[in-house]
Amino acid sequence: MWAYLSIAFVLLPVFVPVAIFLLEPNARRRLRMAPFVVIGVAVAAVLLAAMVRGPVGVQLRPYHLEYAIRLSHGGIVVGFYVLAVCGAWLLSGYRPLAIYGILNLVAVVIIAKLTIDGFASVWCGYAALTSAALAVYMRRTHSPPLVVALS
């Protein structure tokens, strides 16, 4: 549980916007993405503090796990989490990444409508699957050029 929450609540809200920021070649777009990195760091700090303060729990529910931490203004924190994790995608100069950002926002709405208590586990399951597909795309389209030595 602690490993999962550390990744989902602390690492991802920082890692995702930083990764998109570093991938972007355009300096102007990177500058516009920087606030999402800052928001991600702030959200991670708030969630880490709540985790350390406790209590932290998990319960098995039909089709998902329900993670619980004591968090005042939880809806606002979740909103900023989504903003940090999805926002930089929308500003990407790579069209498929921007489209992925839009799909993520649609997925957030659908998952929230389906299960609010299982949002964290279902969202992360969705993110893991789509991230794998995105990694395959990035490896195929951004691979280094093949260098052939002529003798």
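The values are calculated or read from the model by the stated rules, or taken from the named source; none is laboratory data. None of these values were measured; they are calculated from a predicted model. Please note: Cβ atoms are built from the backbone with ideal geometry, for glycine as well, and neighbour counts cover all protein chains shown.
Quick one: which residue in Arg70, Arg32 is in contact with a helix residue (DSSP H, G or I) (Cβ under 7 Å, 6 or more places away or on another chain) and of a type in the set (Lys, Arg)? Before you say what the answer is, go through the steps one by one.
Numbers: Arg32 fails: in contact with a helix residue (DSSP H, G or I) (Cβ under 7 Å, 6 or more places away or on another chain).
None of the other options fit; the residue is Arg70.
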Options Leu129, Leu91: the member that is loosely packed, with under 12 Cβ neighbours inside 10 Å and either touching a Cys at 6+ places or on another chain (Cβ under 7 Å) or more than 15 Å from Phe9 (Cβ to Cβ) (or both): Leu129
Ser151: assigned to a loop (DSSP other than H, G, I, E, B) and either closer than 25 Å to Arg30 by Cα or modelled with pLDDT of 80 or more (or both), yes or no? no
Step by step: first the residues of segment 17-41, then only those that are farther than 15 Å from Tyr94 by Cβ and β-branched (Val, Ile, Thr), then the one that is farthest from the chain's Cα centre (by Cα). Which residue is that? Val38
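So that you can scan it fast, the table gives a plain yes or no per residue for (1) within 24 Å of Thr130 (Cα to Cα); (2) outside any helix (DSSP H, G or I); (3) free of Cβ contacts under 8 Å to residues at least 24 places away in the same chain:
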| site | (1), (2), (3) |
| --- | --- |
| Tyr4 | yes, no, no |
| Arg28 | no, no, yes |
| Phe36 | yes, no, no |
| Ile76 | no, no, yes |
| Phe80 | yes, no, no |
| Gly93 | yes, yes, no |
| Pro96 | yes, no, no |
Could you identify the single residue in Leu60, Leu97, Leu103, Leu114 that is touching a strand residue (DSSP E or B) at 6+ places or on another chain (Cβ under 9 Å), farther than 23 Å from Val46 by Cβ and either among the hydrophobic types (A, V, I, L, M, F, W, C) or surrounded by fewer than 19 Cβ atoms within 10 Å (Cβ to Cβ) (or both)? Leu60
Can you name the number of the only condition in (1) surrounded by 13 or more Cβ atoms within 10 Å (Cβ to Cβ); (2) of a type outside the set (A, V, I, L, M, F, W, C); (3) farther than 20 Å from Ala127 by Cβ that Pro25 fails? (1)
